[in-house]
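The values are calculated or read from the model by the stated rules, or taken from the named source; none is laboratory data. All figures in this text were calculated on a predicted structure; none of them were measured in a lab. Here the Cβ positions follow ideal geometry from the backbone for every residue, glycine too, while neighbour counts run over all protein chains shown.
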DNA sequence: CGAGCCAACTAGGTCAACTATGTTGCTCAC
DNA sequence: GTGAGCAACATAGTTGACCTAGTTGGCTCG
């Protein structure tokens with residue numbers, strides 16, 4: 001189904017969906033067909049579809065909401081001026097926040113560990 | 001190891017690499033460590049690393065050359081493909097991170113309190 | 001000496017399965 | 001009639017395996 005243009009399947013699907021979005025066939029706010037649906041539709045495996053959606057997601061064209069679906073982003077909020085300066089600026093903020101998160105996480109982990117060992121220890125720790 | 005920030009591993013790795021690129025620690029033209037290398041380095045599986053590299057690839061920050069490696073793109077040649085949705089994307093990330101910080105803070109506070117008064121054994125392990 | 005092959009690396013693509021988590025709608029007991 | 005619980009379905013993340021394909025360097029053999 002995905003032809004053999006030399007392009008990988010997940011990119012072909014991503015392109016197709018992107019075209020549908022840009023072309024208005026998939027209006028902003030509307031949900032894409034579900035992952036399994038798309039898989040059947042394109043004759044591809046789930047993994048490939050997830051990969052394709054992932055691409056669109058990192059492109060910002062689409063937003064996935066767990067349990068609900070993947071929705072086309074409003075045109076207003078996506079293609080707008082992606083000023084390099086803006087990105088840099090906000091990126092800094094991100095870095096800062098990330099540092100905070102890391103710090104908090106570390107403290108949390110430590111403290112939670114103490115708490116865990118001091119309370120009833122139950123098997124079934126979920127880790128891998 | 002990765003994790004604990006609430007952010008998925010592949011995004012953390014992507015972020016880390018992105019930071020190294022932006023920070024100059026990985027200069028344009030230099031190759032990233034090999035996939036397997038990164039996997040060991042981050043204590044993650046190959047799949048996760050490939051996912052992370054994939055993100056950077058679709059962002060245009062990096063170019064993979066089969067058989068050779070993944071190379072940091074020259075700063076000159078990447079601004080043009082100015083990525084639509086970048087600002088939106090990062091903004092969203094900020095929002096997410098803020099939420100994470102709030103969540104972590106809350107959990108930290110709670111847990112630290114419990115630890116302080118942990119003469120009483122209390123179950124109630126709340127994983128996720 | 002040189003040509004050619006081969007082995008060891010590299011990235012990239014695909015698949016299948018599992019887990020986690022969120023949403024929604026139905027059913028059934030009260 | 002209401003609400004608690006459950007089942008079905010959704011995205012998301014992760015793992016591990018297998019295969020393709022390009023690059024490189026060394027080794028062998030003519």
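List of remarks:
- Per-region count, region A:22-58, residues within 13 Å of chain B (Cβ to nearest Cβ), part of a helix (DSSP H, G or I) and more than 14 Å from DNA strand C (Cβ to nearest atom): 3
- Any hit, region A:90-105, residues being at pLDDT below 90, over 25 Å from residue B:17 (Cβ atoms) and either assigned to a helix (DSSP H, G or I) or more than 16 Å from DNA strand C (Cβ to nearest atom) (or both): no
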